[in-house]
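Report on the following structure.
The values are calculated or read from the model by the stated rules, or taken from the named source; none is laboratory data. Treat the numbers as computed from the prediction; the structure is a model and nothing was measured. FYI the Cβ positions are ideal-geometry reconstructions off the backbone, even for glycines, and counts take in every protein chain you see. Please note that ligands, DNA and RNA were not included when accessible areas were found on the heavy atoms of the full protein model with its side chains. Shrake-Rupley method; radii C 1.70, N 1.55, O 1.52, S 1.80 Å.
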Amino acid sequence: METNIPKNSTILSALLQADFTTLWRNRRSFRMVLLVPLLILVSWKGLVPKLGGVFVLSSCITIGLTSIGLMGYSNSVARDRDRGIFQRLRVGPVAGWTIMTSRLVVQIAMIVLMTVLIFVVGYFFDHIEISASGYLVGLLMAVIGSGVYLGLGQAIVGLIRNPESVNSTTRLVYFAFIMIGMFGEFGVLGKEVELLATWSPYGTVRKVLAAGLAPATWNMETTYAFFASVAYSLVFIIVGVKYFKWDNK
């Protein structure tokens, strides 16, 4: 009697279909994650002439990345782990990397959608116009920058097993990133905090995004910010993978 083990590609396809279906059924939380950066974009219309359209777009995309990586990804992984979904999947011939790859593909799809929506709303409502290359490179930088926040979400869910603790921790980190990042870059919290905010995960990702939206402004400082973002991603991913458990016991 032969036992047919499905290919990894078949398993990954089935997982993707299940994860996208779950995302659609939980579209209320999905909409909330997307609405946060869009509402900020609309409310910052008056800042466009003062700070520039590139600054406003890059800030809103960075906030959206933070929302998806922290409020979306980490909480969904913690919730499914607590419900035993991962344990049930691991009983079958499912490689661990296919499970996490499926989750990450769904999050990246959300990031692409969020970025495109910000471009559309920014163009039609805030009248922000950038070049075609700016849109393409900006979208690419958004996907690359998402590694910082998805990695951070993975690190949090790897270090903390209780889903309620994960939820409270991500909210605290989200608040700290947004408040210190935004107000720190404005310089209202002092020079030291401004420097800290500039080279924090929030600041480096926003700087790379801003240069991606206006490729002609890319300089050596942007390159340093890009490498810093990659370093943040690697550290968070290594910690998240090393300490992640498939159950919360």
In the stretch 186-249, what percent of the accessible surface is made up of carbon and sulfur (1.4 Å probe, ligands and nucleic acids excluded)?
70
Rank Thr98, Thr198, Thr217 by accessible area, highest first, at a 1.4 Å probe radius?
Thr217, Thr198, Thr98
Whole-number accessible area per residue in Å² for the chain, which is evaluated in the context of all protein chains at 1.4 Å
52
With +1 assigned to the C-beta of every Lys and Arg and -1 to the C-beta of every Asp and Glu, and no other charges, what is the dipole magnitude of the stretch 1-157 about the Cα centre in debye, to the nearest 20?
420
In 5 Å bins starting at zero, report the fraction of Cα pairs in the stretch 9-79 per bin as a rounded %.
3, 15, 19, 17, 15, 12, 8, 6, 3, 1, 0
Looking only at Cα atoms, what is the convex hull volume of the chain per residue, in Å³?
139
Quick one: dipole size for the stretch 29-98, taken about the Cα centre, charges +1 on Lys/Arg Cβ and -1 on Asp/Glu Cβ, in debye to the nearest 20.
120
Which one, Gly181, Thr66, Thr169, is farthest towards the positive end of the dipole of the chain when Lys and Arg carry +1 and Asp and Glu -1 on their Cβ?
Thr169
Taking the Cα atoms of the stretch 38-96, what is the range of coordinates along each of the three principal axes, in descending order and whole Å?
57, 19, 11
In whole Å, largest first, what are the principal axis extents of the Cα atoms in the stretch 126-232?
45, 31, 30
Solvent-accessible ranking of Phe124, Phe226, largest area first, probe 1.4 Å
Phe124, Phe226
Could you work out how far the C-alpha centroid of the stretch 195-249 sits from that of the stretch 10-74, in angstrom?
17
Share of accessible surface on carbon and sulfur in the stretch 1-159, whole %, 1.4 Å probe and ligands ignored, is 65
About the Cα centre, charge dipole magnitude for the stretch 77-196 (Lys/Arg +1, Asp/Glu -1 at Cβ), debye
760
For the stretch 80-127, the charge dipole (Cβ of Lys, Arg +1; Cβ of Asp, Glu -1; about the Cα centre) points to a positive end, and the Cα of Tyr123, Val106, Val94 closest to that extreme belongs to Val94
Calculate the length of the line joining the C-alpha centroid of the stretch 83-148 to that of the stretch 157-176, in whole Å.
21
Take the residue pairs Lys207/Lys245; Lys50/Lys191; Lys191/Lys245 and return only those whose Cα atoms are more than 29 Å apart.
Lys207/Lys245; Lys191/Lys245
Put Trp24, Trp246, Trp199 in order of accessible area, largest first, 1.4 Å probe: what do you get?
Trp24, Trp199, Trp246
Solvent-accessible area of Arg27 with every protein chain in place, 1.4 Å probe, in Å² to the nearest 10
90
